[in-house]
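Below is one structure, written out as structure tokens, with a few remarks after it.
The values are calculated or read from the model by the stated rules, or taken from the named source; none is laboratory data. It should be emphasised that the depicted structure is a prediction, and the values quoted were computed from it without experimental measurement. With ideal geometry, Cβ positions are generated from the backbone for all residues, glycine too; neighbour counts draw on all protein chains shown. Calculation scope for accessible area: heavy atoms of the full protein, side chains included, ligands and nucleic acids excluded. Shrake-Rupley method; radii C 1.70, N 1.55, O 1.52, S 1.80 Å.
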Amino acid sequence: MNTNYDYIIVGGGSAGSVLANRLSADAGNKVLVLEAGRPDYRLDFRIHMPAALTYPLQSRFYNWWYESDPEPFMNNRRIYQPRGKVLGGSSCINGMIYIRGNALDYEKWAREKGLEDWDYAHCLPYFKRFETRLFGANAYHGDSGPLKLTTPECANPLFDAFFKAVQQAGYPVTEDVNGFQQEGFSKFDQNIYKSRRHNAARAYIHPVKKQRPNLVIKTQALATKILFEGNKAVGVEFTTKGGTQKVYGKEIICCGGAINSPQLLQLSGVGNGDELQQLGIDVVADLKGVGENLQDHLELYVQYACKKPVSMYPALKWYRQPFIGLQWLFLRKGAAATNHFEAGGFIRGNDEVEYPNLQFHFLPIAIRYDGSAPREGHGFQLHVGPMNSDVRGHVKIKSSDPTHYPSILFNYLSTPNERKEWVEAIKKSREIVSQPAFDELRGKELAPGSQAQTDEQILDFVAREGESAYHPSCTCKMGYDDMAVVGADLKVHEVENLRVVDASVMPYITNGNIYAPVMMIGEKAADMILGNTPLAGDSAPFYKAKQETA
Ligand SMILES: Cc1cc2nc3c(=O)[nH]c(=O)nc-3n(C[C@H](O)[C@H](O)[C@H](O)COP(=O)(O)OP(=O)(O)OC[C@H]3O[C@@H](n4cnc5c(N)ncnc54)[C@H](O)[C@@H]3O)c2cc1C
């Protein structure tokens, strides 16, 4: 194969797919994508049928299958952390919920980290650029981007009860959590197009790959090291079944995600110098922040039995599944055509916070992410959790062998603030479900259950049952403090020709599911790398619960 490129993209995942497309649009740019996983095989229903989302989580075929170290505040449990190992990355195995975060997340990035070009006004045009929202464009949404968004129907009667209940509890119904006002409850847009998952590779790579000989995609190619001359990145070493190879490029872009990008930097000598030396790795740049600042969302299920036989429970019966599968395959409709995370919302759990700190997903079935359901039959549930936690963890390599998994520690539940927010989250969930709108539907509380009443009992339940929402991020954070890894241009500090473009560059995790923010980061990065004039700031207004006083 050719060994010289303009751009080498390590990781053909969510952000990597964006860059593969945008950087190769000019036929003069030779672009190589190295992806450790397999192609996103077109005929494999497990990654294309929306309701099949639990399948890839139960095998390693498309999944790195990480686990955290024993979490000290979670009964020393190792917390499962799936990550997409496939062209399209985690967008091939995620829940397809499309949430941008709160406008004030980006205002915070700008204000607190000196990232003026990352305020909401300068992120919004990029969100709009990559979207085609099938419901229609407006001041907040695009209609001609590669990524298609479907707005779900919320046809199950339990959604009606849910929307009535949140209003009875005193919370707003907002038109669109990705529009003017995030605070409140609404339908959740989905990364689904014509009833198939619309992953990043389907949106960005497949439509162009045949027409672009300058775009080379190599799957099952694990990047093991970034090659440096002095402090200048010049290439990448990678392994395939055929052995180890080296490729060279003018710019190397790490898009391996929040676990693998810091791992690759550390393996290559960019990280905490003392720790790298102890592992026998030559230090290229002593950047102590690499792998630090790990953030995530912890979540759990508040589950109820349903007194009426209206939930999606029958769809789980084995004898109905062939019919549901065929209905999806030939008619593109039915229970398999949706992710079922069709509605939810964001509220403030207390009056001190500036904007929502709790997210809810409502499901018209009681079910765990792994597909298991309580034996009580019909049910419904809220997935809930704090969004702006002050808990911080790390990703650290344990050896210089690139095939050894790093140490991952989230420190979930380790701060008083996170514990306070967890109590708020459970109490607010119960408050919503206790409203009259649910009277004819609400059966027994299955989880946490009647025994979890005091704050201690609730926190004990969270420690036993809490799961990752699978949003690890922030491990190569943007900014200019001592622990920052990349600047506002996403270039790695203290070295040349090297950027990170993925979930790891967020300085703070955003308020909600993080796929949309990652895609926005990819779009903005593409303009920076190509030297394009950035899109002009967009002055669309956004909601603030607390207005500033002069
Ligand atoms: C199960 C699950 C459910 C989720 N649900 C949602 C949801 O509903 N909504 C939402 O907004 N977000 C969701 N997320 C989160 C979201 O999908 C991810 O945060 C986002 O896709 C991450 O994008 P990324 O570009 O940072 O990394 P990824 O998309 O993970 O891409 C990284 C890519 O790099 C490759 N790679 C890594 N290391 C190497 C290497 N050394 N050499 C070569 N290739 C390498 C990987 O194989 C992968 O393809 C979910 C995530 C998971 C796992």
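Within the range 48-91, what residues put their amide N at less than 20 Å from the label point 7 Å along the Cα-to-Cβ vector of Lys210?
Within reach of a label on Lys210, which here means backbone N under 20 Å from a point 7 Å along Cα→Cβ, the range 48-91 contributes 87-88.
Around Gln81, which amide H atoms from residues at least 5 apart in sequence, or from another chain, sit under 5 Å from its own amide H, with H modelled in the peptide plane?
Residues meeting the amide H criterion: Tyr66, Glu67, Ser68.
So, for the range 338-425, what is the accessible surface per residue at a probe of 1.4 Å, expressed in square angstrom?
32 Å²
Tell me the net charge near Tyr120. Cut-off is 9 Å between Cβ atoms, Tyr120 excluded, with +1 for each Lys or Arg and -1 for each Asp or Glu. Could you put the intermediate results ahead of the total?
Numbers: positive: none; negative: Asp105, Glu107, Asp119, Asp538.
Around Tyr120, the surrounding residues sum to -4.
What FRET efficiency, computed as 1/(1 + (r/R0)^6) with R0 = 30 Å and r the Cβ-Cβ distance, is obtained for Asn417 and Phe180, rounded to the nearest 0.05?
Values: r = 28 Å, r/R0 = 0.94.
My answer for the efficiency is 0.60.
What distance in nm separates the two pseudo spin-label positions at Thr3 and Ala540, each 7 Å out from Cα along the beta-carbon direction?
Computed distance between label sites Thr3 and Ala540 equals 4.8 nm.
Could you look at the range 59-143 and say what percent of its accessible area is carbon and sulfur, using a 1.4 Å probe and all protein chains? Could the numbers behind the result be given before it?
Numbers: 1470 of 2960 Å².
Of all accessible area on the range 59-143, carbon and sulfur atoms account for 50 percent.
Compare Thr510, Thr533 by solvent-accessible area with a 1.4 Å probe and give them largest first, with all protein chains kept in place. Intermediate values should be presented prior to the final figure.
On the way: Thr510 0, Thr533 120 Å².
Listed by decreasing accessible area, they come as Thr533, Thr510.
In degrees, nearest 10, range 0 to 90: what is the angle between the Cα axis of helix 455-465 and the longest Cα principal axis of the chain?
For helix 455-465, the angle is close to 60 degrees.
Identify, among Gly344, Leu490, Ile47, the residue whose Cα sits farthest towards the positive end of the charge dipole of the chain, taking +1 on the Cβ of Lys and Arg and -1 on the Cβ of Asp and Glu, with the dipole about the Cα centre.
Farthest towards the positive pole: Ile47.
In square angstrom, rounded to the nearest 10, how much accessible surface does Lys544 have for a 1.4 Å probe?
50 Å²
So if I place +1 on the C-beta of Lys and Arg and -1 on the C-beta of Asp and Glu, and nothing else carries charge, what would the dipole magnitude of the chain be about its Cα centre? I want it in debye, nearest 20. Before the final figure, lay out the partial values.
Values: 60 positive and 62 negative charges, 510 e Å.
Charge dipole of the chain: 2440 debye, to the nearest 20.
Rounding to the nearest 20 debye, state how big the charge dipole of the range 23-114 is about its Cα centre with +1 on each Lys and Arg Cβ and -1 on each Asp and Glu Cβ. Before the final figure, lay out the partial values.
Details: 13 positive and 10 negative charges, 26 e Å.
Computed about the Cα centre, the dipole is about 120 debye.
Helix 14-23 sits at what angle to the longest principal axis of the chain, using alpha carbons and giving 0 to 90 degrees rounded to 10?
50 degrees
Between Lys333 and Trp65, what is the spin-label point distance in nm, taking each point 7 Å from the Cα along the Cα→C-beta axis?
Each label point lies 7 Å from its Cα, and together they span 3.9 nm.
Compute, for Val216, the solvent-accessible surface of its heavy atoms (probe 1.4 Å) with the complete set of protein chains present, and express it in square angstrom to the nearest 10.
50 Å²
So which chymotrypsin sites (Phe, Trp or Tyr not before Pro) in the range 463-544 are both in a DSSP loop and have at most 16 other Cβ atoms within 10 Å of their Cβ?
Working: sites: Tyr470, Tyr480, Tyr508, Tyr515, Phe542, Tyr543; in loops: Tyr470, Tyr480, Tyr508, Phe542, Tyr543.
Loop-located and lightly packed - Tyr480, Tyr543.
Just tell me which aspartates and glutamates come within less than 14 Å, Cα to Cα, of Lys477; anything on the same chain fewer than 8 places away is out.
Glu112, Glu292, Asp296, Asp489, Asp502
Nearest 0.05, what FRET efficiency do Leu227 and Glu116 give at R0 = 51 Å with Cβ-Cβ as r? Each step should come with its number before you reach the end.
On the way: r = 34 Å, r/R0 = 0.66.
E between Leu227 and Glu116, to the nearest 0.05, is 0.90.
Show me the chymotrypsin sites (Phe, Trp or Tyr not before Pro) within the range 160-226 that DSSP assigns to loop and that have at most 11 other Cβ atoms within 10 Å of their Cβ. Before the final figure, lay out the partial values.
Values: sites: Phe162, Phe163, Phe180, Phe185, Phe188, Tyr193, Tyr204; in loops: Phe180, Phe188.
Those that pass, being in a loop and sparsely packed, number zero.
How much accessible surface area, in Å² rounded to 10, belongs to the heavy atoms of His404 with a 1.4 Å probe?
So the heavy atoms of His404 present about 90 Å² to solvent.
Compute the length gained on full extension between Arg42 and Lys317: take 0.36 nm times their separation in residues and subtract their Cα-Cα distance, giving the result in nm to one decimal. Before the final figure, lay out the partial values.
On the way: separation 275, 0.36 × 275 = 99.00 nm, distance 2.65 nm.
Stretched out fully, the Arg42 to Lys317 stretch lengthens by 96.4 nm.
Between the range 70-115 and the range 218-249, what is the C-alpha centre distance in whole Å?
Computed from Cα coordinates, the inter-centre distance equals 27 Å.
In degrees from 0 to 90, rounded to the nearest 10, what is the angle of the helix 103-113 Cα long axis to the longest principal axis of the chain?
For 103-113 against the chain, the angle is about 40 degrees.
Show the residues, 5+ positions off or on another chain, whose built amide H is closer than 5 Å to the amide H of Val500.
For Val500, whose amide H was placed from the backbone, the distant partners under 5 Å are Cys254, Val492.
Amide H neighbours of Gly385 under 5 Å, counting only residues 5+ apart in sequence or on other chains, H built in-plane at 1.01 Å?
Distant-sequence amide H within range of Gly385: Gln359.
Taking the Cα centre as origin and putting +1 on Lys and Arg beta-carbons and -1 on Asp and Glu beta-carbons, what dipole magnitude results for the range 387-471, to the nearest 20 debye? The partial results should precede the final answer.
Numbers: 11 positive and 14 negative charges, 50 e Å.
Magnitude of the dipole: close to 240 debye.
Which loop-located trypsin sites (Lys or Arg not before Pro) does the range 66-141 contain, where loop means any DSSP state but H, G, I, E or B and the Cβ has at most 15 other Cβ atoms within 10 Å?
On the way: sites: Arg77, Arg78, Arg83, Lys85, Arg100, Lys108, Arg111, Lys113, Lys128, Arg129, Arg133; in loops: Arg78, Arg83, Lys85, Arg100.
Answer in residue order: Arg78.
Which whole-number percentage describes the relative contact order of the chain, with Cα contacts under 8 Å and a sequence gap of 6 or more? Spell out each step's value before the answer.
Details: 1346 pairs, mean separation 123.3, N = 550.
Answer for the chain is 22 percent.
With both partners inside the chain, how many of the DSSP beta bridges are antiparallel, as a percent to the nearest 5? Write out the running numbers ahead of the final one.
On the way: 57 of 83 bridges.
Within the chain, antiparallel bridges account for around 70 percent of the total.
Give Lys30/Lys398; Lys232/Lys288; Lys30/Lys108; Lys85/Lys396; Lys187/Lys396 a once-over and call out the pairs whose C-alpha atoms are over 27 Å from each other.
Working: Lys30/Lys398 35 Å; Lys232/Lys288 19 Å; Lys30/Lys108 37 Å; Lys85/Lys396 20 Å; Lys187/Lys396 38 Å.
Correct reply: Lys30/Lys398; Lys30/Lys108; Lys187/Lys396.
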